[in-house]
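J.: Can you keep this structure in mind? I'll have questions shortly.
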Amino acid sequence: MLCFLLCTCIINNKAFSEDYQLKFKPHQVEGPASPRDYLDWLNSLRKWRLQQYEKEESHVTSALDVPELHWVQTSYVQPHVMVNDLYLYDPVTNKYTVDRYLKDAEKRYGAIDSIVIWPTFPNLGCDSRNSEDYFRCLPGGTLGIRSLVQEFHSKKVKVLFPVLGWDNGTRDPQASWSYILPRLFKEYNIDGMTSDGAHFTQDY
């Protein structure tokens, strides 16, 4: 019992290290490296959390403050659709059928706010084509995709395309994806990008 009380006193009286650095992963804070670091880790974590609250209260600009991105705060229903879905594309007429897709979506969900259109997965990796190649070979080319996007926009539906950060075993694009894809997507006039399993790097 005496030993337990002594250990408790030593732990409670431990001086916090001001030099302790939290380690951040893309979606989480790493835990302490050892039990000995726990109190320093917890103290640093609490300080970091207070700093985040202060940033919110001081209205530091974030992506949510950008007027063009306000729509994401009310985009509640966002289905993902393969680009070869027969509700979205008619291979006989070689045309996109947005109205048909939306009618089916309304039966399923009531209505949708935005949509993610997938031309890459699950075919990516079957041959040497990379993400850009799959976008470039879509039916209708750039004008066809712009027309597809415009039809969704006319129905007040935002359009997003995927970014696959793990696409690194296909044709070398000779530039970073953060350079290629935003420029490509600007040609299509889409509203945003989404990532299925990998975080966005800071160069985006």
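J.: Inside the stretch 124-158, can you point out the residues that are β-branched (Val, Ile, Thr) and buried (at least 21 other Cβ atoms within 10 Å of the Cβ)?
T.: Across the stretch 124-158, the qualifying residues are 145, 149, 157.
J.: Next up: May I ask you to say which residue of 161, 121 is closer than 22 Å to residue 68 by Cα, in contact (Cβ under 8 Å) with a residue 12 or more places away in the chain, aromatic (Phe, Trp, Tyr) and surrounded by 12 or more Cβ atoms within 10 Å (Cβ to Cβ)?
T.: That would be 161, the only listed residue that is closer than 22 Å to residue 68 by Cα, in contact (Cβ under 8 Å) with a residue 12 or more places away in the chain, aromatic (Phe, Trp, Tyr) and surrounded by 12 or more Cβ atoms within 10 Å (Cβ to Cβ).
J.: Working only within the stretch 168-179, note down all residues that are surrounded by fewer than 20 Cβ atoms within 10 Å (Cβ to Cβ) and either closer than 30 Å to residue 77 by Cβ or of a type in the set (Lys, Arg) (or both).
T.: Matches in the stretch 168-179: 171, 178.
J.: Which one of 149, 77, 116, 81 is without any contact (Cβ under 8 Å) to a residue 40 or more places away in the chain, β-branched (Val, Ile, Thr) and under 30 Å from residue 175 (Cα atoms)?
T.: None of the other options fit; the residue is 81.
J.: Something else now. Answer yes if at least one residue in the stretch 48-55 is of a type in the set (A, V, I, L, M, F, W, C), farther than 24 Å from residue 187 by Cβ and touching a strand residue (DSSP E or B) at 6+ places or on another chain (Cβ under 9 Å), and no otherwise.
T.: yes
J.: Keeping to the stretch 64-95, report how many residues are in a loop (DSSP other than H, G, I, E, B) and either outside the structural domain of residue 144 (by TED's automatic domain parsing) or farther than 26 Å from residue 107 by Cβ (or both).
T.: 1
J.: Moving on. Could you check, for the stretch 189-197, whether at least one of its residues is in contact with a helix residue (DSSP H, G or I) (Cβ under 6 Å, 6 or more places away or on another chain) and at pLDDT 90 or above?
T.: yes
J.: Within the stretch 96-105, is there a residue that is closer than 30 Å to residue 172 by Cβ, in contact (Cβ under 8 Å) with a residue 24 or more places away in the chain, in the same structural domain as residue 173 (by TED's automatic domain parsing) and among the small types (Gly, Ala, Ser)?
T.: Among the residues of the stretch 96-105, not one is closer than 30 Å to residue 172 by Cβ, in contact (Cβ under 8 Å) with a residue 24 or more places away in the chain, in the same structural domain as residue 173 (by TED's automatic domain parsing) and among the small types (Gly, Ala, Ser), which makes the answer no.
J.: So, in the stretch 112-133, exactly how many residues are modelled with pLDDT of 90 or more and either closer than 15 Å to residue 81 by Cβ or in contact with a helix residue (DSSP H, G or I) (Cβ under 6 Å, 6 or more places away or on another chain) (or both)?
T.: Here the count works out to 9.
The values are calculated or read from the model by the stated rules, or taken from the named source; none is laboratory data. What you see is a predicted model; the values in this text were computed from it and never measured. Glycine also receives a Cβ, built like all others from the backbone with ideal geometry; neighbour counts cover every protein chain displayed.
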